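Everything below concerns the one structure shown next.
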Amino acid sequence: MATTREIQLRIRSIKGTQQITRAMKLVSTAKLQKIRAIAQSNTPYFQAVYQTMCSILALTGDDVLNGPMLQSGKSAYLVITSDRGLAGGYNANVCKLLERSMGSKEDALILTVGRRGREYFSRRGFTLGQHFETPAEVPEYSGVRQIQDAVMDLYRSGTVKEIYVAYTSFQNTLSQTATLMKLFPLQREDFMGGEDEQESKHGTMPHVLMNFEPGPEAVLANIIPRYMGGILYGVLVESSASEQGARMTAMDSATENAQDICDKLTLQYNRARQGHITQEITEIVNGASALEG
Amino acid sequence: MADKQFRLRILTPERVFYEGMADMVIFQGVEGELGVLPGHIPLTTLISSSSFHILTEDKNKTAVVAVHEGFVEILPDQVTLLTEAAEWPEEIDVERAERAKERAQKRLDNSGDGLDIKRAQLAMQRALTRLHVHTYKGV
């Protein structure tokens, strides 16, 4: 059995770790609250953009939606991870999902946000494209612009046939799911289904004959990047919220584990101390009886 | 004739910037300046980086907002402005706008390829809008 001194040292070190994990949990909780508010306020903007796209698409032909349609070629994947670890399976889940669901390694071009994802895919020898700075905990829209431009350019230049984004969608504080979503090519059907839903939500929107200035195509060409920006922004905000949520959960269980170990060690320590005292008493009694005898 | 006022919403990706009733809005569309009163025909138009004026009679004042690229959806009783960024005059960082203006000017002088020029022009436009709105003192 370890000596009392050794046990004491271990308890102290674990308590130190526990303090760190507890602090990290609190920090994540605070950040999560902040980003949640942002995620909610983004929705009206995105809904309005989406609705406008729907109404334009109802008026225009297919060809306006996409630039060059390629049948073959590379597929680009945008992976969103964090720079820092200690967030449970947050980074690993996204990377694994993407690796599983992509076709062949040779045809994939990986764009990354966040160092963890980049390290993961460069270790495995994938073709890496552009890397983007990780946005702050609360992403700013200006940071999205850069990604948005790059994605639009990549698709319009015709080097890739499709673009996906892999991110972690935020269900609630306890559950986050790694998700793969298609960005390009845009599918007309995606905008047809949603229209009824939108209308019932906005009861004040009857079928109006909308006019477009300069023209439906020009407006649509302008809205697509905005729509993309809205999606990307939403994806970044959700990923960031998921990261905080995952870290919160991970740190919470780490704190609990530390407490469990501490309890066990304290019990051990008390036993050892008790054993030590008992031993001393026995020695004294024995010594005394030896003197008497 | 429709009501005297319409509902105005200004939405940016980061927040709901403004929501309320207005008598009239005036802004710079890509095809020219546009003034919208209640009962306007349905129109969706692109907007360039410019000052956006909101007129509300009851408070007897004009609010000016700097908006940067987006589009406006006009319905008889509702106007929705979707823009990537909107700022009240007091939110504008003048020094930053001045710096951005100089930067854009430099880039315009050392002419690169077509895309760079376009981006520099947009940046220039944004900086000028910010400066204009910041110094705007009313009609």
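The values are calculated or read from the model by the stated rules, or taken from the named source; none is laboratory data. The model shown is predicted, which means the values in this text are computed figures rather than measured ones. A quick note on method: Cβ atoms are made from the backbone with ideal geometry, for glycine too, and the neighbour counts reach across all protein chains shown. Calculation scope for accessible area: heavy atoms of the full protein, side chains included, ligands and nucleic acids excluded. Shrake-Rupley method; radii C 1.70, N 1.55, O 1.52, S 1.80 Å.
Structure notes:
- Criterion (more than 30 Å from A:Ala37 (Cα to Cα), touching a residue at least 40 places away in the same chain (Cβ under 8 Å) and loosely packed, with under 14 Cβ neighbours inside 10 Å) met by exactly one of A:Gly158, A:Gly129: A:Gly158
- Residue tally, condition surrounded by 24 or more Cβ atoms within 10 Å (Cβ to Cβ) and assigned to a loop (DSSP other than H, G, I, E, B), over the range A:76-95: 2
- Qualifying positions in the range A:96-123 - within 20 Å of the chain's Cα centre (by Cα) and open to solvent by less than 50 Å² (accessible area, probe 1.4 Å): A:Leu97, A:Leu98, A:Met102, A:Ile110, A:Leu111, A:Thr112, A:Val113, A:Gly114, A:Gly117, A:Tyr120, A:Phe121
For every residue, the table says whether it meets (1) among the hydroxyl-bearing types (Ser, Thr, Tyr); (2) not in a helix (DSSP H, G or I).
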| position | (1), (2) |
| --- | --- |
| A:Glu106 | no, no |
| A:Leu109 | no, yes |
| A:Pro139 | no, yes |
| A:Leu154 | no, no |
| A:Glu162 | no, yes |
| A:Ser169 | yes, yes |
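- Matching option when the condition is open to solvent by less than 70 Å² (accessible area, probe 1.4 Å) and either away from chain A (no Cβ under 11 Å) or of a type in the set (Asp, Glu) (or both), among B:Leu55, B:Leu11, B:Leu43, B:Leu34: B:Leu55
- Against the list (1) free of Cβ contacts under 8 Å to residues at least 60 places away in the same chain; (2) under 14 Å from A:Ile231 (Cα atoms); (3) surrounded by 21 or more Cβ atoms within 10 Å (Cβ to Cβ), the condition A:Ile147 fails is (1).
- Any hit, the range B:66-80, residues being open to solvent by less than 20 Å² (accessible area, probe 1.4 Å) and away from every other protein chain (no Cβ under 12 Å): yes
- Only residues that are assigned to a strand (DSSP E or B), over 20 Å from A:Met210 (Cα atoms) and touching a Ser or Thr at 6+ places or on another chain (Cβ under 6 Å) were counted in the range B:34-74, giving 8.
- Residue selected from the range A:217-252 under the condition surrounded by fewer than 20 Cβ atoms within 10 Å (Cβ to Cβ) and among the small types (Gly, Ala, Ser), by the criterion nearest to the other protein chains (Cβ to nearest Cβ): A:Ala218
- Flag for A:Lys34 being surrounded by fewer than 18 Cβ atoms within 10 Å (Cβ to Cβ), within 14 Å of another protein chain (Cβ to nearest Cβ) and either in contact with a Cys (Cβ under 6 Å, 6 or more places away or on another chain) or at pLDDT 85 or above (or both): yes
- Of all residues in the range B:13-33, those that are touching an Asp or Glu at 6+ places or on another chain (Cβ under 8 Å), modelled with pLDDT under 85 and assigned to a loop (DSSP other than H, G, I, E, B) total 4.
- Identity of the residue in the range B:21-31, over 11 Å from the mean Cα position of the chain (by Cα) and touching a residue at least 24 places away in the same chain (Cβ under 8 Å), that ends up nearest to the other protein chains (Cβ to nearest Cβ): B:Met21
- Residue match in the range A:48-61 (condition: open to solvent by less than 60 Å² (accessible area, probe 1.4 Å), modelled with pLDDT of 85 or more and outside any helix (DSSP H, G or I)): no
- Residues in the range B:81-111 that are surrounded by 14 or more Cβ atoms within 10 Å (Cβ to Cβ) and in a helix (DSSP H, G or I): B:Pro89, B:Ala97, B:Ala100, B:Lys101, B:Arg103, B:Ala104, B:Arg107, B:Leu108.
- Conditions (1) touching a residue at least 12 places away in the same chain (Cβ under 8 Å); (2) of a type in the set (A, V, I, L, M, F, W, C); (3) away from chain A (no Cβ under 14 Å); (4) under 26 Å from A:Pro225 (Cα atoms): number failed by B:Ile117: (1)
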